[in-house]
1. Restricting the search to the stretch 52-83, which residues are surrounded by 13 or more Cβ atoms within 10 Å (Cβ to Cβ), over 30 Å from residue 102 (Cβ atoms) and in contact (Cβ under 8 Å) with a residue 24 or more places away in the chain?
2. Would you mind stating whether residue 86 is touching a helix residue (DSSP H, G or I) at 6+ places or on another chain (Cβ under 9 Å) and in contact (Cβ under 8 Å) with a residue 24 or more places away in the chain?
3. Looking at residue 16, is it modelled with pLDDT under 75 and closer than 30 Å to residue 97 by Cα?
4. Using beta carbons and a limit of 7 Å, which pairs, at least six apart or on different chains, have the first residue in the stretch 95-109 and closer than 12 Å to residue 63 by Cα and the second one modelled with pLDDT of 85 or more and in a helix (DSSP H, G or I)?
5. Which condition from (1) out of contact with any helix residue (DSSP H, G or I) (no Cβ under 7 Å at 6 or more places or on another chain); (2) loosely packed, with under 13 Cβ neighbours inside 10 Å; (3) free of Cβ contacts under 8 Å to residues at least 24 places away in the same chain is the one that residue 119 breaks?
């Protein structure tokens, strides 16, 4: 008989108006994690029902690569403490409305460099 693992949907208000949605395993240790961090576009994204993977969606309304770099790195670092993380960062639409393309490119390269140094 297969023992079903219970999942809870947790919504909480994070610092600076950041909303967070996570699906956490209540039993068994986590081994792998899918993390989606992004602007308001990702707010209601559902990462599926795979019971073997911890899933987390973090929404940073109005996120930009330059302004929210530290916050994004902190979220990824915290998520990767106990397990391997597959992270998807979805930001940029707000960057393009405020800066020229070359500046945005440099901001994204810097963020990507930091993420790769973290092992992502």
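The values are calculated or read from the model by the stated rules, or taken from the named source; none is laboratory data. Quantities reported herein were computed from a predicted structural model and do not represent experimental measurements. Cβ atoms come from the backbone with ideal geometry, glycine included; neighbour counts cover every protein chain shown.
1. Once the filter is applied, which keeps residues that are surrounded by 13 or more Cβ atoms within 10 Å (Cβ to Cβ), over 30 Å from residue 102 (Cβ atoms) and in contact (Cβ under 8 Å) with a residue 24 or more places away in the chain, the stretch 52-83 yields 54, 55, 56, 57, 79, 80, 83.
2. Numbers: touching a helix residue (DSSP H, G or I) at 6+ places or on another chain (Cβ under 9 Å): no; in contact (Cβ under 8 Å) with a residue 24 or more places away in the chain: yes.
No.
3. Details: modelled with pLDDT under 75: yes; closer than 30 Å to residue 97 by Cα: yes.
Answer is yes for this residue.
4. 95/104; 95/107; 96/104
5. With respect to (1) out of contact with any helix residue (DSSP H, G or I) (no Cβ under 7 Å at 6 or more places or on another chain); (2) loosely packed, with under 13 Cβ neighbours inside 10 Å; (3) free of Cβ contacts under 8 Å to residues at least 24 places away in the same chain, residue 119 is out only on (3).
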